[in-house]
Amino acid sequence: MKRYTLAVLVRNQFGVLNRLTSMFRRRQFNISSSTASETESSEYSRLTFSFDGDENGKQQLINQLYKLPDVCSIKELTQSNSISCELMLIKMENDPSSRDDIRAAADAFKAETLNYTKDSIVFRVVGTSSKLDEFISLMRDHTILEICRTGTASIEKGSSTLRQNLNL
């Protein structure tokens, strides 16, 4: 199975996210991350989905998504044609015996300390999903109290935009 990322431009309407995720469910795709936000125009929202599947199934999914009345445009984003990043907040136990190792790893990953208390440290890490996964893997040697991730945000390189392919 391969990981795919789709950027979907939709009319900013009530219930659109539910209709799109239902299409993924019906096609039996497990969404590994999703982001949704208003765009440069309040008329549209942009949703980015990352999911695993095969090429045939992905193409069928795209065809079905285009049949939904609120879907305006869809683009497949790849490592070569887009820029992607994710945000993670991770809360670690502030144990004096592991503090130096945790801080060293945080520095190596350019993690920013957002909150420091006697009992915990909260870091913000920004980067690719694999960078965040690597940071979590290092932190598993210590006590992770909580993790919160945003999901992948991706945008196409160059001057091309999602709105240029409106399917109205």
Worksheet item: Out of segment 73-152, which trypsin sites (Lys or Arg not before Pro) are coil in DSSP terms and have no more than 13 other C-beta atoms within 10 Å?
Response: Lys110, Lys118, Arg140
Worksheet item: What ranking do Asp100, Asp70 get, fewest neighbouring Cβ atoms within 10 angstrom at the top?
Response: Asp100, Asp70
Discussion item. Taking the beta-carbon count within 10 Å as an exposure proxy, list Cys85, Cys72, Cys148 from fewest neighbours to most.
Written reply: Cys148, Cys85, Cys72
Worksheet item: Can you list residues whose amide H is under 5 Å from Ser82's amide H, if they're 5+ apart or on another chain and H is modeled 1.01 Å from N?
Response: Lys157
Worksheet item: When the Cα centres of segment 75-102 and segment 1-17 are compared, how far apart do they sit, in Å?
Response: 23
Discussion item. Limiting things to C-alpha atoms, what are the Rg and the maximum Cα-Cα separation (Dmax) for the chain, in angstroms?
Written reply: 18.7, 60
Worksheet item: For the chain, with the dipole built from +1 on Lys and Arg beta-carbon atoms and -1 on Asp and Glu ones, taken about the Cα centre, which of Ile31, Val71, Thr5 lies farthest toward the positive end?
Response: Val71
Discussion item. Once you keep just the Cα pairs under 8 angstrom separated by 6 or more residues, what percentage relative contact order results for the chain?
Written reply: 29
Worksheet entry | Inter-site label distance for Ser160 and Met1 at 7 Å from Cα along Cβ, in nm | 2.7
Worksheet, complete the sentence: In cubic angstrom per residue, the convex hull of segment 94-168 built on its Cα atoms measures 126
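Computed from the coordinates by the stated procedures, all read-outs in this text should not be read as laboratory data. Keep in mind that this is a model prediction, so the values were computed, not measured. Reconstructed Cβ throughout: ideal geometry from the backbone, glycine too, with neighbour counts over all protein chains shown.
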